[in-house]
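Taking it in order: structure first as structure tokens, then the write-up.
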């Protein structure tokens with residue numbers, strides 16, 4: 001972290017905020033592009049002072065997040081994780097169609113406990129049907145397993161990196177204090193705003209394409225009607241043609 005440290009005072013390293021600002025701008029631009037492409041960004045923070053903030057910010061932009069214990073194989077064994085998520089869906093269907101009520105009291109209790117456990121650990125990623133386009137981590141030292149899995153799958157890593165962490169493991173570093181809740185909230189606010197902008201751009205592009213398609217279809221329909229239309233002969237045109245026909249008849253009689 002030496003390149004990002006401004007000075008040391010009383011054994012405490014002070015981060016160069018000019019470099020932090022520059023890195024935030026670089027990170028935001030990259031995350032905005034990923035969001036605009038339609039891919040998901042997974043937010044990870046299991047430490048006490050960060051989990052509530054990350055959950056709130058990620059929910060605000062409809063992105064998946066992990067704030068409880070990182071499930072081993074969350075990325076590298078994603079198929080198994082998806083099966084666990086689908087298990088939650090099957091339990092919900094059992095409750096809707098009445099199958100749940102046919103179980104014994106003990107079985108219902110076991111199913112409820114399983115559902116609660118799955119909801120706690122995986123409920124926030126139910127909409128993540130494929131591997132994320134990027135992962136944003138608060139405290140890479142604590143979330144080292146998530147870092148390793150993302151590296152193995154070549155998923156871009158964005159992270160708040162403190163002076164006690166190694167920035168070489170991260171693709172987009174934000175040098176910052178990952179222990180202070182105010183610092184975490186400020187950076188997450190800036191990051192999620194950029195993601196929201198990317199999602200807004202994607203929505204505008206989709207709406208624009210839909211409008212263009214509708215206009216093209218309408219023009220094509222009008223052209224088809226024009227091509228197939230039968231010319232209508234008016235009564236006046238019939239009257240105008242009648243004398244000519246009579247004249248031609250007189251000439252032939254002569």
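Points worth noting:
- Residue within region 195-212 that is within 16 Å of residue 54 (Cα to Cα) and touching a helix residue (DSSP H, G or I) at 6+ places or on another chain (Cβ under 7 Å) present: yes
- Scoring residue 59 on the criteria (1) more than 16 Å from residue 120 (Cβ to Cβ); (2) surrounded by fewer than 17 Cβ atoms within 10 Å (Cβ to Cβ) leaves a single failure, condition (1).
- Tally of residues being surrounded by fewer than 17 Cβ atoms within 10 Å (Cβ to Cβ) and in a strand (DSSP E or B) across region 125-163: 0
- Taking region 167-192 as the range and being in contact with a helix residue (DSSP H, G or I) (Cβ under 9 Å, 6 or more places away or on another chain), free of Cβ contacts under 8 Å to residues at least 40 places away in the same chain and part of a helix (DSSP H, G or I) as the test, only 169 passes.
- Where helices (runs of 4 or more DSSP H) fall wholly inside region 5-115, the ranges with 1 or more residues that are free of Cβ contacts under 8 Å to residues at least 60 places away in the same chain, closer than 23 Å to residue 165 by Cβ and under 24 Å from the mean Cα position of the chain (by Cα) are 17-36, 48-60.
- Filter pass, residue 72 being farther than 30 Å from residue 37 by Cα and either modelled with pLDDT under 90 or surrounded by 17 or more Cβ atoms within 10 Å (Cβ to Cβ) (or both): no
- Unique residue being at pLDDT 95 or above and farther than 21 Å from residue 50 by Cα when the list is 137, 155: 155
The values are calculated or read from the model by the stated rules, or taken from the named source; none is laboratory data. Only a predicted model underlies this, so the values are computations on that prediction, with no experimental measurement involved. A quick note on method: Cβ atoms are made from the backbone with ideal geometry, for glycine too, and the neighbour counts reach across all protein chains shown.
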